[in-house]
Every structure is written in C-alpha cells, then in structure tokens.
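The values are calculated or read from the model by the stated rules, or taken from the named source; none is laboratory data. Predicted, not measured: the structure shown is a model, and the values here were computed from it. Because the Cβ atoms are built from the backbone with ideal geometry, glycine has one as well, and the counts that use them run over all protein chains shown. Accessible surface is based on the protein model in full, side chains and every heavy atom, while ligands, DNA and RNA are left aside. Shrake-Rupley method; radii C 1.70, N 1.55, O 1.52, S 1.80 Å.
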Amino acid sequence: MSVKQALLALLQEQPMYGYQLRVEFEQRTGATWPLNVGQVYTTLTRLERDGLVEGAGEDGEGHVVYRLTDQGSGEVAAWFTTPVERTQPPRDELAIKLALAVTVPGVDVGTVVQQQRSATMRALQDYTRLKRQAGDDLAWSLVVDSLIFAAEAEVRWLDHCEARLRRAAIEGRHAAASRTADAARPGSDAVRP
C-alpha cells in the first residue's frame, strides 16, 4: 500500500493536517489498514521536500495544514491511471512458511495447512460480517470485498496445497515400493537395505 499516494489523493479534495488525513484514510478504508499518525507526518515531510505538497498555514488550533501542489496533482492523476504492477510480488509469509515446511524435516505440513485453513475461514467469516456493516458505504465495501476475495483465494490455494501434498506422498510411497521391489529381484544391482 502506498501511503504517499493515498495522502496525495486525499489532499486533492482539500487542504488538511496530518491527523485529519489519518482519520480520512481510515474512514474511507474501513480502518482495515490503520495508519500511525507519525507515519503520516513523516510522509508529509517527504512529500513537501519533493515538492508534491506545501504548507498552507495553520488552522485555528495551530495545526500545520498541507495542500497539494500542481506537481502533486499530476502525481495523483498518474497514480489513478497507472495499473498496480505485479512484477515484484510482495513477500507472502504463508507461501514462505509452506515452502519451508515441506523442506524442513519433522514438520507436519498437513497440520500447518489445516491450522491456516481454520484461521482463514475465521477471517472470512469476520470479513463477511464487516461486509454487512459496511452497508451502502461503497469505499469500505470495496475494501471488504477485496479482503473476502483474497481469503477465498487463500482457502482454494490451501486446498490445492493439500492435494499436492497427498499426491506427493502417494508418489513417494510408489517410488519407495518400486525401489524395494527392484532391490528384492534376483540379480539386482540395487543395494538392499
């Protein structure tokens, strides 16, 4: 997620100070990805340094208000019209965990898959409840839909992993049986266990 682009998009509507930006971001995304207000102000400092926002004075309570520059408006337009690249996929902890689980001796990979499936199904139920709460809020509903689709895809992938593990176990048993049969044949060059 690009906090930079999100803050610029919010500033396109009107000048705001950091805490307002944080609140707006969380309201529009259903607080799915909470932002630390310190991260917001750090990002605003970089955006100002890069000429994408500028200070617009202070409000009545002494908060520094930021507004988008013309360069910042161009950045927002480019962000909205540029597809999200999938060439460098983000690290997926679950995929890494399963890849290591199948290669580390003594790990019950089936249990790893089952534990994750249970957790993902609970998350899917939670997201479905959130979907009902979102009601007519289109922005929040779209975010929750994304979470639901991702959880459903993860369950399908876990089913696929489980099937691959079963297939690999069966093939492993067949290969072991074949090696044993070869070793037991008279005149075989195979070393007997």
Q: Please give the direction-averaged projected area of the C-alpha convex hull for the chain, in square nanometres with one decimal.
A: 17.0
Q. In the Gaussian network model of the chain, springs joining C-alpha atoms below 10 Å, which of L21, L100, L147 carries the largest mean-square fluctuation?
A. L100
Q: Set the Förster distance to 45 Å, then compute FRET efficiency between L100 and Q125 from the Cβ-Cβ distance, nearest 0.05.
A: 0.95
Q.
With a 1.4 Å probe and all protein chains left in place, how much accessible area per residue does segment 1-141 have, in Å²?
A. 65
Q) In nm, to one decimal, how far is the Q114 label point from the R166 one, both placed 7 Å along Cα→Cβ? A) 1.4
Q) Under a 5 Å amide H to amide H cut-off, with H placed in plane at 1.01 Å, what residues pair with M16 once short-range neighbours are removed? A) Y66
Q. By average Cβ neighbour count within 10 Å, what is the ranking of 37-48, 87-98, 152-163 from highest down?
A. 37-48, 152-163, 87-98
Q. Any idea what the dipole of the chain comes to, in debye rounded to 20, about its Cα centre with Lys/Arg Cβ at +1 and Asp/Glu Cβ at -1?
A. 1380
Q. So, in nm, how far is label V37 from label A77 when the simple model puts each one 7 Å beyond its Cα toward the Cβ?
A. 3.4
Q: Bin width 10 Å, alpha-carbon pairs only: give the P(r) of segment 73-131 as whole percents, running from 0 to the bin holding the largest distance.
A: 18, 26, 28, 19, 8, 1
Q: Report in % the part of the accessible area of the chain that belongs to carbon and sulfur, leaving out ligands and nucleic acids; probe 1.4 Å.
A: 54
